[in-house]
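Peer 1: Below you will find the structure I want to go over with you.
The values are calculated or read from the model by the stated rules, or taken from the named source; none is laboratory data. Bear in mind that the values here come from a model prediction, so they are computed numbers and not experimental data. Positions of Cβ are backbone-derived with ideal geometry, glycine not excepted, and every protein chain shown enters the neighbour counts.
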Amino acid sequence: MNVDDIQGVILRGFRSYGTIRHFLFNITDVAAAQEFCGLLAPGSGAPVTVTPGTLWPAGEKPPYCLNVGISNTGLSKLIGGTNYEAVSDASYGLFTTFGAGAADPGIAKNVGDTAGTPSAPENWWKNSNWKLPAPPSTSLLDVLVTLYAPDAEAREIYSQKLLEMSACGLTPAFVLDCDPLDPPDSIHFGYVDGISQPKIAGYDNPKAGMFDDQPVPSYYFVIDPDPNGPAPYTAHPLLGNGCFGAFRVLHQDSTAFEAFLAKAGDDADLVASKMCGRWKDGTPVEVSPDKPDPSLSAGDIVNFNYLSASPNQVNPLPAPDFDTSGVRCPYASHTRRTNPRDDVKVKPYDPPFAEHRVMRRAFAYGPPFAKDPAADRGLAGLFMGANLQDQFVFLMQTWVQSGFYRVPYDASPNGSGIDPLFGPQPDQDSTDFSYLSNGEYKTIPGMTRFVRTDGGLFVFLPSITALGFLAKGSIPAS
Ligand code: HEM
């Protein structure tokens, strides 16, 4: 794997840089925007450049990290319509979803951004983060640049440099800051996040112990355009070493979430753990169903299965039953839905689910709930994969939004089966959530929607080589 050519964000999270700014730019001058793409390439000598996947030596942490994504409209502007068609035609399966865009009504509906509901695309981008005089519209968003800095001061310094570099050809349309909460890896609703990620085969990540034992073939995250290669898609060479990402701005209704948990009284933490599949400190309920267990190692909290014990799994339920009926980790729980692991009843073949995994690079925005309950807050960032349709869209449509997923196997009275961290759509009835407490199922009624989509944009994260083509407005021969 040529890590020097791959954007670092695809291979590794920049979680130690907790102070983040997302810029969504509108291209106003194509030639200047092309020049900007060239400047972003590492080695260009520009004041800020994209961070490649190259591992930095110990003690030589860069002062900032940066990644760039290009939307369908942005790509068409940068390489021109004819070249765009050529890339699209040669990458048909990958471009169907990217080309239609996140605001396409059919795609939006599939991922839960249903027309007529508050999450619908016509309601996106409508807050003070919108910077253009034009009315908010996804079609004005051409380029996503995300800057990761160690603190707020550094974020200002590098933001200024970026804005000077982009000034001639790109205008900021939407700008959103993500700032660390306490503890630093946590998100609103109070959970630690960024724990379980796919382990990319062939990439020697220094934090390998934090990932699932079973590696996922690299072509699910780093596009392999080799027609004779193993990837289950065809891709134009421009896409090589790149990836696609769904950028999402997800508003979290902490007031409703906390009110729902409060109905559980002393069981509030237990209910929160069953809704997520993890206790708030990250302990998986499959491994420790009764309480958080801080003694678990980084490996223990990711290497577990639901239907048969993974190697070295701590405290598995005895075979042959294991957790087939969701007594420890409800089938509805967010993590069992978004990564069913070995749950072969979902899709019975090997390697399980590799083609539907997503790489998450999302962080909290907005102040802590306790500090300012009425403020806007949520989770923003990228959900990545080589194939948006089979990865992000499939996961949202089939595993998160499908209300009846897994219900036949669930021993609890979780009738709706809806992912409880999201809750039912506003056009659906409120629902109940059931959980096992001291061997007895209890039910909390009146679950409503806790997460609203406030923005969505599909982007292509080009390789460093591809940035050079974008700078020239050209494409490699296919
Ligand atoms: C505001 C919305 C969301 C919240 C509050 C949330 C919260 C969480 C939390 C607390 C975890 C457990 C920590 C971890 O394993 O890293 C988690 C895991 C996960 N989430 Fe979300 N999430 C949200 C949106 C999404 C979306 C939109 C997707 C998919 C497109 C997603 C996919 C996943 C995946 C794949 C995992 C890892 C599951 C595993 O491997 O065990 N999440 N999420």
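Peer 1: Go through segment 187-207 and report how many residues are in contact with a Leu (Cβ under 9 Å, 6 or more places away or on another chain) and assigned to a loop (DSSP other than H, G, I, E, B). Show your work before the answer.
Peer 2: Taking segment 187-207 and keeping what is in contact with a Leu (Cβ under 9 Å, 6 or more places away or on another chain), we get 187-191, 193, 200, 203-206.
Keeping just the survivors that are assigned to a loop (DSSP other than H, G, I, E, B) gives 187-191, 193, 203-206.
Total satisfying the criteria: 10.
Peer 1: On to the next question. Asp432 is checked against (1) among the acidic types (Asp, Glu); (2) assigned to a loop (DSSP other than H, G, I, E, B); (3) surrounded by fewer than 20 Cβ atoms within 10 Å (Cβ to Cβ) and fails just one. What number does that condition carry?
Peer 2: (2)
Peer 1: Also, quick follow-up: Before we move on, is Ser288 among the hydroxyl-bearing types (Ser, Thr, Tyr), out of contact with any Ser or Thr (no Cβ under 7 Å at 6 or more places or on another chain) and surrounded by fewer than 17 Cβ atoms within 10 Å (Cβ to Cβ)?
Peer 2: When the stated conditions are applied, Ser288 does not pass them.
Peer 1: Okay, moving on. Could you pull out the residue among Asp323, Asp266 that is free of Cβ contacts under 8 Å to residues at least 40 places away in the same chain, more than 9 Å from the ligand (Cβ to nearest atom), in a helix (DSSP H, G or I) and not hydrophobic (A, V, I, L, M, F, W, C)?
Peer 2: Numbers: Asp323 fails: in a helix (DSSP H, G or I).
The unique qualifying residue is Asp266.
Peer 1: Among the residues of segment 11-32, are any surrounded by fewer than 20 Cβ atoms within 10 Å (Cβ to Cβ), at pLDDT 95 or above and closer than 18 Å to Gly385 by Cα?
Peer 2: Checking segment 11-32: not a single residue is surrounded by fewer than 20 Cβ atoms within 10 Å (Cβ to Cβ), at pLDDT 95 or above and closer than 18 Å to Gly385 by Cα.
Peer 1: How many residues are within 20 Å of Ile187 (Cβ to Cβ) and either within 13 Å of the ligand (Cβ to nearest atom) or among the charged types (D, E, K, R) (or both) when one looks only at segment 358-400?
Peer 2: Initially, segment 358-400 is screened for residues within 20 Å of Ile187 (Cβ to Cβ), giving 358-384, 392, 395-396, 399-400.
If we keep only those that are either within 13 Å of the ligand (Cβ to nearest atom) or among the charged types (D, E, K, R) (or both) too, we end up with 358-366, 369, 371-372, 376-384, 392, 395-396, 399-400.
Of the residues in that region, 26 qualify.
Peer 1: While we're on this one: Can you confirm whether Val302 is modelled with pLDDT of 90 or more, over 30 Å from Pro217 (Cα atoms), surrounded by 20 or more Cβ atoms within 10 Å (Cβ to Cβ) and within 15 Å of the ligand (Cβ to nearest atom)?
Peer 2: no
Peer 1: Right, something else. Collect the residues in segment 437-454 that are surrounded by fewer than 18 Cβ atoms within 10 Å (Cβ to Cβ) and touching a residue at least 12 places away in the same chain (Cβ under 8 Å), keeping them in residue-number order.
Peer 2: Within segment 437-454, Ser437, Tyr441, Lys442, Thr443, Pro445, Gly446, Thr448 qualify.
Peer 1: Return yes or no: is Trp130 farther than 25 Å from Met359 by Cβ and among the aromatic types (Phe, Trp, Tyr)?
Peer 2: yes
Peer 1: Quick check on this structure: which one of Pro289, Pro352 is more than 30 Å from Ile70 (Cβ to Cβ), at pLDDT below 90 and more than 9 Å from the ligand (Cβ to nearest atom)? Don't jump to the end; show me each part of the working.
Peer 2: On the way: Pro289 fails: at pLDDT below 90.
Pro352 is the lone residue from the list that is more than 30 Å from Ile70 (Cβ to Cβ), at pLDDT below 90 and more than 9 Å from the ligand (Cβ to nearest atom).
Peer 1: Leu457 versus (1) farther than 30 Å from Thr82 by Cα; (2) part of a strand (DSSP E or B); (3) in contact (Cβ under 8 Å) with a residue 40 or more places away in the chain: which is the lone unmet condition?
Peer 2: Leu457 satisfies all of (1) farther than 30 Å from Thr82 by Cα; (2) part of a strand (DSSP E or B); (3) in contact (Cβ under 8 Å) with a residue 40 or more places away in the chain except (1).
Peer 1: Which of the residues spanning segment 234-263 are in contact with a helix residue (DSSP H, G or I) (Cβ under 7 Å, 6 or more places away or on another chain), in a loop (DSSP other than H, G, I, E, B) and surrounded by fewer than 19 Cβ atoms within 10 Å (Cβ to Cβ)?
Peer 2: Listed by number, the list holds a single entry, Thr234.
Peer 1: Moving on to the next point. Report yes if some residue within segment 45-68 is assigned to a helix (DSSP H, G or I) and aliphatic (A, V, I, L, M); otherwise report no.
Peer 2: Among the residues of segment 45-68, not one is assigned to a helix (DSSP H, G or I) and aliphatic (A, V, I, L, M), which makes the answer no.
Peer 1: Ok, one more. Six or more apart or on different chains, Cβ atoms under 8 Å: show the pairs whose first residue is in segment 187-199 and farther than 26 Å from Ala256 by Cα and near the ligand (Cβ under 6 Å from one of its atoms) and whose second is modelled with pLDDT of 90 or more and not β-branched (Val, Ile, Thr).
Peer 2: Cβ pairs passing all conditions: Ser196/Asn339.
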